[in-house]
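Everything on this sheet refers to the single structure shown next.
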Amino acid sequence: MNASTPQLPATTRTFAQRLSSTRRGARLARLLAVGQLRSWPVSPAVTERAERIVAELAANAAIHGRVQGRDFRLALTLDEARGILRIEVADTRGEKLPVLGPAPDPDSESGRGLLLVAALADRWGTQPRHPVGKTVWAELDSRQASDG
């Protein structure tokens, strides 16, 4: 007889929340994301990277993707089988796509958000959101070493 150790099935964990398209909503998105990720099997290094990405994408949604009276949506998905954490921030300004440009002048007060997202994420991009808007997403390999 061949005894095998029972394996728990890999799970996909999800979290989603609509938030007001304000600076306060962006700050709340970051806090909610960190709280959720701390309850999932994600290393502190990945959680820290995700926190910064959520902060930038949520701020962009609140500032550049804002439509009066419309919320933005934060979604987190952890695919444990593939070891991928996906962050999605969706807003209703589909015609205003983010563009990764050159680094701004050192004295500039803005223009570094997407550069930071590109540096911290393993992959990132945009996709249309139906019926209106766009989703900016970033993926992190969640199985990275804790020194990430």
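A short reminder: the numbers here are calculations on the coordinates, not readings from a lab. As the structure is a prediction and not an experimental result, all values here were calculated from the model. Ideal geometry is used to build each Cβ from the backbone, glycine not excepted, and the neighbour counts take in all protein chains shown.
Miscellaneous remarks
- Amide H contacts under 5 Å for Arg93, placed H, 5+ residues apart: Lys134
- Taking Lys and Arg as +1 and Asp and Glu as -1, the other residues whose beta-carbon sits under 14 Å from that of Glu51 total +3.
- Label-point separation, Ala118 to Thr14 (7 Å along Cα→Cβ), nm: 3.1 nm
- Using θ = phi - 60° and Karplus 6.51 cos²θ - 1.76 cosθ + 1.60, couplings along the range 126-143 (whole Hz; Gly, Pro as x): 10, 8, x, 10, 9, x, 8, x, 8, 10, 9, 10, 9, 10, 10, 6, 7, 8
- Within the range 119-135: backbone nitrogen closer than 13 Å to the Arg82 label point (7 Å, Cα to C-beta): 123-124
- Burial ranking of peptide ranges 17-28, 52-63 (average Cβ count within 10 Å, highest at the top): 52-63, 17-28
- Residue by residue, the range 76-93 carries 3J(HN,Hα) couplings of 10, 9, 10, 9, 5, 5, 8, x, 10, 9, 10, 10, 10, 10, 10, 9, 9, 9 Hz when phi is fed to the Karplus relation 6.51 cos²θ - 1.76 cosθ + 1.60 (θ = phi - 60°); x denotes Gly or Pro.
- Residues with amide H under 5 Å from that of His64, placed H, sequence gap 5 or more: none
- Phi-derived couplings, Karplus 6.51 cos²θ - 1.76 cosθ + 1.60 at θ = phi - 60°, listed residue by residue for the range 11-23: 10, 10, 9, 9, 8, 8, 8, 8, 9, 5, 7, 9, 4 Hz, with x used for Gly and Pro.
- Estimated distance in nm for a label pair at Ile63 and Thr126, the labels positioned 7 Å out from Cα along Cα-to-Cβ: 1.6 nm
- Summing +1 for each Lys or Arg and -1 for each Asp or Glu among the other residues whose beta-carbon sits under 13 angstrom from that of Glu139 gives +1.
- Taking the range 1-90 and dividing mean pair separation by its residue count, relative contact order in percent (alpha carbons under 8 Å, at least six apart): 40 percent
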